[in-house]
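Let me begin by presenting the structure, written as structure tokens, before commenting on it.
Coordinate-derived values only; no laboratory data. Since this is a predicted model, take the numbers as computed values, not measurements. Glycine also receives a Cβ, built like all others from the backbone with ideal geometry; neighbour counts cover every protein chain displayed.
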Amino acid sequence: MAFHHAKPINQGSLVPSDLKAHLSCEFPDLDAVERHRFVMVADLAELIFSAKKSSTIRFSKGAVEYPSAQELPLFVVGDHREKAAPTCIGALHIGAVCYKTLAELNETDAHKDGFASKADLVDALKRFYGDIQSSDVLSVFEFTLSNRRRPTSLTPAHEHSPAA
């Protein structure tokens with residue numbers, strides 16, 4: 001699987017159908033799944049507003065993800081285990097997507113995702129996704145905040161919970 005070592009895909013250069021075809025060739029054993037939005041717990045969303053988080057790492061068992069558009073809505077929930085409806089708080093402009101195994105994540109990935117270390121990031125991913133293996137492929141979305149609708153109910157960032 002050499003693709004996850006390649007430069008990130010610049011979403012602006014490929015339309016979703018081209019991304020899906022590209023991913024199907026690079027990862028023939030995984031489904032290519034289109035992502036339409038991001039949902040995060042409040043403390044991780046707060047890190048975006050304070051410019052301490054510029055990526056999000058997602059895992060779908062047996063799949064890799066790609067964005068459905070250059071800009072995707074950002075939703076917040078109080079806790080990823082809650083069944084309450086998420087609230088839209090803005091939009092994220094997707095700059096690139098790359099694919100790495102859990103083992104290939106590094107300190108830079110952790111810092112971009114708002115974590116102090118790779119160990120903290122891996123712990124959070126395992127808490128959120130459960131049984132994730134070091135050889136599982138993750139989708140790493142790099143973004144900038146493009147539309148801001150920050151509600152006053154977002155609390156300041158503190159020890160974070162796993163990403164949603």
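Once the Cα-Cα distance is subtracted from the 0.36 nm per residue extended length, the Phe49 to His36 segment shows a gain of 2.6 nm. Full extension of the segment from Val15 to Lys61, taken as 0.36 nm per residue of separation minus the current Cα-Cα distance, would add 14.2 nm. Dipole check for the range 3-148: with +1 at the C-beta of Lys and Arg, -1 at the C-beta of Asp and Glu, and the Cα centre as origin, the magnitude is about 260 Debye.
Pairs of Lys residues in the range 60-144, spaced 8 or more positions apart or belonging to different chains, with C-alpha separations under 14 angstrom: 4 in total.
The H on the amide N of Ala63, modeled in the peptide plane, is under 5 Å from the matching H of Asp31, each at least 5 residues off or on a different chain. Placing R0 at 25 angstrom, the Cβ-Cβ distance between Ala85 and Asp131 gives a FRET efficiency of 0.35 after rounding to 0.05.
Where both residues lie in the range 3-148, what percent of DSSP beta bridges are antiparallel, nearest 5? Spell out each step's value before the answer.
Numbers: 23 of 32 bridges.
The antiparallel fraction comes to roughly 70 percent.
Computed as a quarter of the hull surface, the mean projected area of the alpha carbon convex hull for the range 62-128 stands at 5.8 nm².
Note on the range 3-148: Cα-only Rg and Dmax are 14.5, 38 Å.
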